[in-house]
Amino acid sequence: MKKIRVNASRPYDVVIQEGFENIGKTIKSVCSAKKIAVVTDENVFPLYYEKLADELRDFSLFPLIVGAGEKYKTTESFLKIIDALAGNKFSREDLVIALGGGVVGDVAGFAAACYLRGIAYIQCPTTLLAAIDSSVGGKTGVNLSQGKNLLGAFYQPSLTFINTLCEDTLSERERTSGLGEGVKYSYISENIKVEELFQNRAEFIFKCVDFKAKIVEEDEKESGKRKILNFGHTVGHAVEAASGYALSHGECVIKGIDAIIDLSADFYGFSDEKKQRLKLPLKDFDRNIAFSAKEIAERICSDKKIRGGDIDVVLLKEIGQVEIVTMKLSEFKERLYAVMR
Ligand code: GLY
């Protein structure tokens with residue numbers, strides 16, 4: 001078992017281990033809940049609910065199933081959870097557990113942030129993507145028809161409990177999605193190599209979470225440094241939305257990283273040789289995804305990270321070295337369009 005302390009405004013541990021053993025004891029050490037709403041989705045429920053419930057026999061459990069996938073990261077799913085919490089008279093002492101991937105974690109976390117103005121919740125990620133990224137750092141929320149994550153809150157969990165055995169059952173699509181975030185870490189941190197994921201998964205997860213925890217501690221509300229965790233995401237989110245969420249998040253992030261390397265090469269004037277070297281970590285993961293450069297550039301305008309006419313872009317200077325550059329939106333669109341055409 002490994003443990004990382006996240007010293008955010010509300011400090012908490014990230015536990016990384018094989019299996020759910022002792023999770024009940026750990027929960028008792030962080031809250032005094034009697035009732036637990038276990039929010040999960042229709043794919044995860046048959047795989048892990050009973051395994052988790054076996055360890056939580058001292059609590060009254062309320063399983064709550066939402067639809068699986070990004071298209072269910074909605075206000076409807078959020079209200080379904082709120083309704084169940086209110087209907088079962090959950091109090092401020094009670095607890096929500098998010099058992100699932102990034103969507104379940106974001107929606108359940110947001111419901112916990114809003115119900116009774118905030119009750120405790122625990123992240124139990126069952127996908128690689130959620131383990132190395134979304135279950136740590138307190139970003140919660142839902143999508144609106146106008147864009148991804150437009151409604152949400154920074155709300156830290158009381159605990160993140162990563163059972164590394166869960167990733168054994170990932171579908172190919174979920175695996176690629178996690179790989180996208182893994183590749184991202186290998187660009188923004190010198191010490192993380194995505195190949196390590198295939199050698200020692202628990203160690204890889206540990207390194208990613210440890211890296212992210214330090215960034216969250218420094219900039220919890222993403223006013224500066226935390227933006228580097230969005231490397232490849234501005235374009236990636238736009239590609240994802242343009243595909244109607246048919247493409248996985250990770251595939252789109254990889255596409256986004258590819259485009260941002262092109263843009264960085266153009267911005268900093270890299271040689272073609274350097275650009276190709278910087279793209280090497282992508283070679284085993286890049287899919288041939290076709291999209292309209294114009295549509296992507298247009299969609300980026302509705303991204304919430306755009307302040308007035310400016311956009312913060314995370315550019316790559318070298319592997320492990322990124323820079324946040326504020327550009328006029330018109331300049332960004334022009335540059336992006338030029339490199340993606
Ligand atoms: N997924 C990026 C972040 O948590 O800041």
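The values are calculated or read from the model by the stated rules, or taken from the named source; none is laboratory data. Since the model is a prediction, treat every value here as computed from it, not as a measurement. Cβ placement follows ideal geometry from the backbone for every residue including glycine, while neighbour counts extend to all protein chains displayed. Accessible surface is based on the protein model in full, side chains and every heavy atom, while ligands, DNA and RNA are left aside. Shrake-Rupley method; radii C 1.70, N 1.55, O 1.52, S 1.80 Å.
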Need a quick list: strands (runs of 3 or more DSSP E) entirely within the range 1-102 having at least 3 residues that are closer than 21 Å to Leu159 by Cβ and without any contact (Cβ under 8 Å) to a residue 60 or more places away in the chain.
60-66
Within the range 147-166, of all residues that are outside any strand (DSSP E or B) and within 14 Å of the ligand (Cβ to nearest atom), the one surrounded by the fewest Cβ atoms within 10 Å (Cβ to Cβ) is Tyr155
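Applying the selection to the range 142-176, what residues are among the aliphatic types (A, V, I, L, M) and modelled with pLDDT of 95 or more? Before the answer, list the steps.
As a first pass, look at the range 142-176 and keep what is among the aliphatic types (A, V, I, L, M): 142, 144, 150-151, 153, 159, 162, 165, 170.
Selection gives Val142, Leu151, Ala153, Leu159, Ile162.
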Condition met for Lys184 (out of contact with any Gly (no Cβ under 8 Å at 6 or more places or on another chain), part of a helix (DSSP H, G or I), of a type outside the set (Ser, Thr, Tyr) and within 12 Å of the ligand (Cβ to nearest atom)):
no
Pairs where the first residue, in the range 118-145, is assigned to a strand (DSSP E or B) and the second is near the ligand (Cβ under 10 Å from one of its atoms) and among the polar types (S, T, N, Q), C-beta under 6 Å, 6+ apart:
Gln123/Ser135; Pro125/Ser135; Gly141/Asn149
How many residues, within the range 220-247, are modelled with pLDDT under 90, outside any helix (DSSP H, G or I) and either aliphatic (A, V, I, L, M) or within 15 Å of the ligand (Cβ to nearest atom) (or both)?
2
Among the numbered conditions (1) acidic (Asp, Glu); (2) more than 23 Å from Asn191 (Cα to Cα); (3) away from the ligand (no atom under 16 Å from the Cβ), tell me where Glu323 comes up short.
(2)
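Using the structure shown, decide if Leu144 is open to solvent by 20 Å² or more (accessible area, probe 1.4 Å), within 14 Å of Cys208 (Cα to Cα) and hydrophobic (A, V, I, L, M, F, W, C). Steps first, please.
On the way: open to solvent by 20 Å² or more (accessible area, probe 1.4 Å): yes; within 14 Å of Cys208 (Cα to Cα): no; hydrophobic (A, V, I, L, M, F, W, C): yes.
It is false that Leu144 is open to solvent by 20 Å² or more (accessible area, probe 1.4 Å), within 14 Å of Cys208 (Cα to Cα) and hydrophobic (A, V, I, L, M, F, W, C).
Please pick out the residue among Gly180, Gly236, Gly224, Gly244 that is open to solvent by 50 Å² or more (accessible area, probe 1.4 Å) and farther than 30 Å from Ser32 by Cα.
Checking each option against the conditions leaves just Gly244.
Taking Leu316, is it among the aliphatic types (A, V, I, L, M) and at pLDDT 95 or above? Break it down stepwise before answering.
On the way: among the aliphatic types (A, V, I, L, M): yes; at pLDDT 95 or above: yes.
Answer is yes for this residue.
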Give the residue, chosen from Lys255, Lys275, Lys193, that is open to solvent by 20 Å² or more (accessible area, probe 1.4 Å), away from the ligand (no atom under 16 Å from the Cβ), out of contact with any strand residue (DSSP E or B) (no Cβ under 9 Å at 6 or more places or on another chain) and at pLDDT 95 or above.
Lys275
Within the range 85-115, of all residues that are more than 25 Å from the chain's Cα centre (by Cα) and open to solvent by 20 Å² or more (accessible area, probe 1.4 Å), the one nearest to Ile27 (Cα to Cα) is Glu93
With the requirement that a residue be within 12 Å of the ligand (Cβ to nearest atom) and open to solvent by 10 Å² or more (accessible area, probe 1.4 Å), what does the range 199-211 give you?
Phe211
